[in-house]
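Notes follow once the structure below has been shown.
The values are calculated or read from the model by the stated rules, or taken from the named source; none is laboratory data. All values derive from a computational prediction rather than experimental measurement. A quick note on method: Cβ atoms are made from the backbone with ideal geometry, for glycine too, and the neighbour counts reach across all protein chains shown. Note: areas computed on protein heavy atoms with side chains; ligands, DNA, RNA excluded. Shrake-Rupley method; radii C 1.70, N 1.55, O 1.52, S 1.80 Å.
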Amino acid sequence: METITLGQNGPTVTPLCIGTWAWGDKFFWNYGNGYGPEQLQEAFTAALEAGVTFFDTAEVYGMGKSEKFLGQFLQQTQQSVQIATKFGPLPWRFTAQSVSDALTESLKRLQLQQIALYQVHWPFAFFLSQKTLMNALADEVKRGRIAAVGVSNYSAEQMRDAHQILAVRGVPLAVNQVRYSLLSREVETQGIITTARDLGVTILAYSPLAQGLLTGKYSIDGAEIPTGARKIDSRFKKEGLQKIAPVISLLRNFGEKYDRTPAQVALNWLIAQGNVIPIAGVKTAEQVRQNARALGWRLSDDEIAELEQVSRPWL
């Protein structure tokens, strides 16, 4: 399995990351309805069997349940697994100690002594300044409880600021986790991708399949009915599905050539950008196996360029 180093000298991880937002989350993902602990254990095992050993979670996912599940599953394997989690700079967290305390709780739930990647979940920090926050994270790197520091949803400018504060402490900024897919390419025009390359920061791409739009299962005349939040998302309505039809058509064409699904082609396109790791959310072992088929092959340069061209409306 090919591997990628997070940032300049962070942990080495697989080129695909397993997203665990749905692990225990009832509000967004209806946890307990159609899937539960057994399915999540199977998904974790399937990932390791497929050679995918990088998992992304957050303290807020399932109000800690996602981290707890990962902690339990980690105890049942001898394989080396890299875990990324996220800290939320909430209003009542305004001291360096509050950052340290949150990390302590995450480590307890994950049953780990060190986290491979600790990320700031969003850039607005209420009463906690970026300087205090980044220095607190640098302290934890020095203590050995964090292997690498990352941010999430940071603009190019915010990323530069975080990078600069950490650099004074001799700690590289390893990651910026952002929404990125063929149908969400704003991070390119906003300068986030270019800035990340300039700074040696790896991009973790969440929602790489655009909430399922890039799987090809939703179409104007399709039988698949959007549920949950998708019901009120305009992209899943007739006009939205008409707009993405050329992208889905091209994904299908390339998929037929490589014996892959549209989703696997869409994930492969992201990986082909270089310095980008898609986070594919899963609930079941079958979803893991499907996502893992995005690995081990590569679209041609011409095909990458064709997908870039057809998805330009989403820049």
Quick check on the stretch 69-97: of everything there that is open to solvent by 50 Å² or more (accessible area, probe 1.4 Å) and closer than 18 Å to residue 51 by Cβ, which residue is nearest to the chain's Cα centre (by Cα)? 80
Filter the stretch 285-300 for residues that are under 30 Å from residue 69 (Cα atoms) and either open to solvent by 60 Å² or more (accessible area, probe 1.4 Å) or among the β-branched types (Val, Ile, Thr) (or both) and give the result. 286, 287, 288, 289, 290, 293, 296
Which one is farthest from residue 281 (Cα to Cα), of the residues in the stretch 3-25 that are touching a helix residue (DSSP H, G or I) at 6+ places or on another chain (Cβ under 8 Å) and not small (Gly, Ala, Ser)? 15
Look at the stretch 41-68 and say how many of its residues are of a type in the set (A, V, I, L, M) and either open to solvent by 10 Å² or more (accessible area, probe 1.4 Å) or within 13 Å of residue 80 (Cα to Cα) (or both). 6
Filter the stretch 6-62 for residues that are part of a strand (DSSP E or B) and β-branched (Val, Ile, Thr) and give the result. 12, 13, 18
Which residues, counting only those in the stretch 240-250, are free of Cβ contacts under 8 Å to residues at least 60 places away in the same chain and either touching a Ser or Thr at 6+ places or on another chain (Cβ under 9 Å) or surrounded by 15 or more Cβ atoms within 10 Å (Cβ to Cβ) (or both)? 240, 241, 245, 248
Are there any pairs with C-beta distances below 8 angstrom linking a residue in the stretch 256-274 that is among the charged types (D, E, K, R) to a residue that is not in a helix (DSSP H, G or I), with the two at least 6 apart or on different chains, and if so which? 260/293; 260/294; 260/297
Yes or no: residue 178 among the β-branched types (Val, Ile, Thr), in contact with a helix residue (DSSP H, G or I) (Cβ under 8 Å, 6 or more places away or on another chain) and within 21 Å of residue 315 (Cβ to Cβ)? yes
When both residues are 6+ apart or on different chains and their Cβ atoms are under 7 Å apart, which pairs have a first residue that lies in the stretch 102-125 and is assigned to a loop (DSSP other than H, G, I, E, B), and a second that is surrounded by 17 or more Cβ atoms within 10 Å (Cβ to Cβ) and modelled with pLDDT under 95? 125/89
Write out, first by first residue and then by second, each pair whose Cβ atoms fall under 8 Å of each other, whose residues are 6+ apart or on separate chains, and whose first residue, in the stretch 171-198, is at positive phi while the second is open to solvent by 10 Å² or more (accessible area, probe 1.4 Å). 191/156
When you look at residue 168, is it open to solvent by 60 Å² or more (accessible area, probe 1.4 Å) and of a type outside the set (D, E, K, R), yes or no? yes
Tally time: how many residues in the stretch 6-18 are within 13 Å of residue 291 (Cβ to Cβ) and either in contact with a Lys or Arg (Cβ under 6 Å, 6 or more places away or on another chain) or surrounded by 24 or more Cβ atoms within 10 Å (Cβ to Cβ) (or both)? 3
Filter the stretch 1-44 down to residues that are among the charged types (D, E, K, R) and either within 16 Å of the chain's Cα centre (by Cα) or under 15 Å from residue 64 (Cβ atoms) (or both) and give me whichever is modelled with the lowest pLDDT. 26
Which residues, counting only those in the stretch 258-284, are surrounded by fewer than 21 Cβ atoms within 10 Å (Cβ to Cβ) and aromatic (Phe, Trp, Tyr)? 258
Can you pull out the helices (runs of 4 or more DSSP H) entirely within the stretch 171-283 that have at least 2 residues that are closer than 27 Å to residue 48 by Cβ? 238-258, 262-272
Is at least one residue of the stretch 117-131 more than 20 Å from the chain's Cα centre (by Cα), within 26 Å of residue 163 (Cα to Cα) and open to solvent by less than 40 Å² (accessible area, probe 1.4 Å)? yes
